[in-house]
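Written below as structure tokens is the structure these notes are about.
The values are calculated or read from the model by the stated rules, or taken from the named source; none is laboratory data. Quick caveat: nothing in here was measured; it's all calculated off a predicted structure. Here the Cβ positions follow ideal geometry from the backbone for every residue, glycine too, while neighbour counts run over all protein chains shown.
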Amino acid sequence: MYGALLGDMIGAPYEFDMGNKTRDFPLFGKRSVFTDDSVMSVAVAEALMDSMGGTDDEIRAALIKSMRKWGRRYPDAGYGGMFYRWLMSGNPAPYGSFGNGSAMRVSSAGWLYDTLEETLHAAKLTAEVTHNHPEGIKGAQATAAAVFLARTGASKERIREYITAAFGYDLSRTCDQIRPTYHHVETCQKTVPEAITAFLEGTDFEDVIRTAVSLGGDCDTLTCIAGSMAEAFYGVPKELEAECRARLPEDMRAVAERLKKRVES
């Protein structure tokens, strides 16, 4: 999960098209802080680990409980308006969203299950508690599938072929073709394909991060998604993982370490 958290932190200063679409920028600065992407990634990871082996209803209940707990613990992390109302609602219900929030928080599902089918099912559950629009579910499933395939040894070409066939995303454009006209948009269908393309073009973990940031747009979320895939394919350099841990509060760091130990055991 450190790949997703790093993507969020490194992309955060350039959100809302605040960057100049270059790959040449300092990886960390004063504004390189975690946002809602990291908070919800931690919440989903905790819920999935706590509810492993449970029924779908038990997993959904764990997701809702964990997401609302962490969201209320960090209420100023930058949530969208509809999601924030869901966090604070007395009766939280899915609201038909196809926003990219379902994809940015799902990376742990790509690590925790033994088969692609289980991964896709878990990703669907993580999305549909809020983002129950088909595009919201698809974005989460595509992201989790790419993480699963990357961590289990699939080539990038295999990942490209699978995502295109299973989800219908257009992965034929290059980042150079995307970059000039790409702008801030918060939907799965306008974020997930671009994040996957940045991952596919990158040559190592840091290169994926820099490529994703260079596209602009909803930069923390796009880079969070791309970073989750890059971690599964390349791993995270130790020095970047250490920097990420240093920028996380103790409670979030504990969940990230719990997931890491579970995956490595």
(message) Against the condition within 25 Å of Thr115 (Cα to Cα), more than 18 Å from the chain's Cα centre (by Cα) and either aromatic (Phe, Trp, Tyr) or surrounded by fewer than 21 Cβ atoms within 10 Å (Cβ to Cβ) (or both), how does Lys238 come out, does it pass?
(response) no
(request) Filter the stretch 40-92 for residues that are more than 22 Å from Thr119 (Cβ to Cβ), among the hydroxyl-bearing types (Ser, Thr, Tyr) and assigned to a helix (DSSP H, G or I) and give the result. (result) Tyr84
(request) Could you name every one of the helices (runs of 4 or more DSSP H) located completely within the stretch 172-224 that has at least 1 residues being over 18 Å from Arg160 (Cβ atoms), among the basic types (Lys, Arg) and modelled with pLDDT of 95 or more? (result) 205-215
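Yes or no: the stretch 63-76 includes at least one residue that is among the polar types (S, T, N, Q) and more than 24 Å from Ala232 (Cβ to Cβ).
Within the stretch 63-76 (the criterion being among the polar types (S, T, N, Q) and more than 24 Å from Ala232 (Cβ to Cβ)), the answer is no, since none of the residues qualifies.
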(message) Restricting to the stretch 93-108, give me the number of residues that are of a type in the set (S, T, N, Q), under 11 Å from Glu135 (Cα atoms), in a loop (DSSP other than H, G, I, E, B) and out of contact with any strand residue (DSSP E or B) (no Cβ under 8 Å at 6 or more places or on another chain).
(response) 1
(message) Given the condition under 16 Å from Asp8 (Cβ atoms), in contact with a helix residue (DSSP H, G or I) (Cβ under 9 Å, 6 or more places away or on another chain) and among the β-branched types (Val, Ile, Thr), answer yes or no: does some residue in the stretch 145-166 qualify?
(response) yes
(request) Could you list, in sequence order, all residues of the stretch 191-204 that are buried (at least 19 other Cβ atoms within 10 Å of the Cβ) and either under 15 Å from the mean Cα position of the chain (by Cα) or among the hydroxyl-bearing types (Ser, Thr, Tyr) (or both)? (result) Thr191, Val192, Pro193, Glu194, Ala195, Ile196, Thr197, Ala198, Phe199
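Taking the condition touching a residue at least 60 places away in the same chain (Cβ under 8 Å), hydroxyl-bearing (Ser, Thr, Tyr) and in a helix (DSSP H, G or I), does Thr143 pass?
Yes, satisfied.
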(message) Suppose we filter Pro75, Pro94 for residues that are over 15 Å from Thr187 (Cβ atoms), at pLDDT 95 or above, touching a Ser or Thr at 6+ places or on another chain (Cβ under 6 Å) and surrounded by fewer than 18 Cβ atoms within 10 Å (Cβ to Cβ); which single one remains?
(response) Pro94
(request) Count, please, the residues in the stretch 7-23 that happen to be over 17 Å from Cys244 (Cβ atoms) and touching a residue at least 60 places away in the same chain (Cβ under 8 Å). (result) 9
(request) Specify which of the listed residues (Thr143, Thr126, Thr130) is more than 23 Å from His184 (Cα to Cα), modelled with pLDDT of 95 or more, of a type in the set (Ser, Thr, Tyr) and within 19 Å of the chain's Cα centre (by Cα). (result) Thr126
(message) Restricting to the stretch 28-45, name every residue that is over 15 Å from Ala77 (Cα atoms) and at pLDDT below 95.
(response) Gly29, Lys30
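Do you know which residues across the stretch 210-244 are touching a residue at least 40 places away in the same chain (Cβ under 8 Å) and farther than 25 Å from His184 by Cβ?
Selection gives Ala232, Phe233, Val236, Leu240, Glu241, Glu243.
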